[in-house]
1. Residues of the stretch 111-135 being more than 25 Å from the chain's Cα centre (by Cα) and surrounded by fewer than 18 Cβ atoms within 10 Å (Cβ to Cβ), which ones?
2. Looking at residue 87, is it in a strand (DSSP E or B) and touching a residue at least 60 places away in the same chain (Cβ under 8 Å)?
3. What is the number of the single condition among (1) surrounded by 11 or more Cβ atoms within 10 Å (Cβ to Cβ); (2) at pLDDT 90 or above; (3) touching a strand residue (DSSP E or B) at 6+ places or on another chain (Cβ under 8 Å); (4) among the hydroxyl-bearing types (Ser, Thr, Tyr) that residue 88 does not meet?
4. Could you say which residue among 9, 108, 35 is in a strand (DSSP E or B), among the aliphatic types (A, V, I, L, M) and touching a Phe, Trp or Tyr at 6+ places or on another chain (Cβ under 6 Å)?
5. Sort out which residues of the stretch 154-182 are surrounded by 12 or more Cβ atoms within 10 Å (Cβ to Cβ) and more than 21 Å from residue 200 (Cβ to Cβ), and write them in order of number.
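The values are calculated or read from the model by the stated rules, or taken from the named source; none is laboratory data. Quick caveat: nothing in here was measured; it's all calculated off a predicted structure. All Cβ positions, even for glycine, are placed from backbone atoms using ideal geometry, and neighbour counts span all protein chains on display.
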Amino acid sequence: MSEQTIKILVIDDDKAFVDVIRHHLRPFQNKIFNLTAIQDPEKAILTLQQDSSFDLILMDYFLPGTNGIELSKTIHSHNIQIPIVLLTSNKDFRIAIEAMKYGVEDYLIKEEAIDTILPRTIINVIDRVSLSKRINEAEKEQMMTAKKMEAVQELVVTMCHEFNNPLAAIKISTDILMRQSVSTEQKITLSRFNENIGLLEKQIVLLRDLNIDK
């Protein structure tokens, strides 16, 4: 199986812990983790605006001049659609609940982000987000198809209506002519004309009853 590279932006001002992250994110399950570490939150935002190719953001809760929730809000406000995993030493899960509103997909206690837990969490988040995107795209495609079918059906109804009105008028006129003093040849012509109108009406009914979904 070929290796997959996962590009991660780490936002943490603790260089020692970034080294710990690098240690735990060695190649795992045919995944190679390509890390870019940034200490300054403002620089991180600028980097994300210039480079949208990151697969995941790994962010410390406690940051210089801000915190993980506020930075997540800023990222969210810039319409940056990259999943976030929040790292913190705080075990207050109310933080996690609040963070989930702004693109944070998971929450790890720093002391617990050891061995295979960190890479497994990252892979699970990326897979979950990818699956969610595919489902959303499939649902959108389904909705677009349904709208197209509805538009076609409306067009068919309109066409049938546009045909029926003049045909009805022609049929009435033909019936009136048939009752007039006309020659045998003219009656035959009018009779054939009436038959053709009847055939056309049947075709319009078939068109109207056509199941567009099939």
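1. 111, 112, 114, 115, 116, 117, 120, listed by residue number.
2. Values: in a strand (DSSP E or B): yes; touching a residue at least 60 places away in the same chain (Cβ under 8 Å): yes.
Yes; evaluated as a whole, the condition is true for this residue.
3. Only one criterion in (1) surrounded by 11 or more Cβ atoms within 10 Å (Cβ to Cβ); (2) at pLDDT 90 or above; (3) touching a strand residue (DSSP E or B) at 6+ places or on another chain (Cβ under 8 Å); (4) among the hydroxyl-bearing types (Ser, Thr, Tyr) is unmet by residue 88, namely (2).
4. Just one listed residue meets the conditions, 9.
5. 182 - this is the single residue of the stretch 154-182 that is surrounded by 12 or more Cβ atoms within 10 Å (Cβ to Cβ) and more than 21 Å from residue 200 (Cβ to Cβ).
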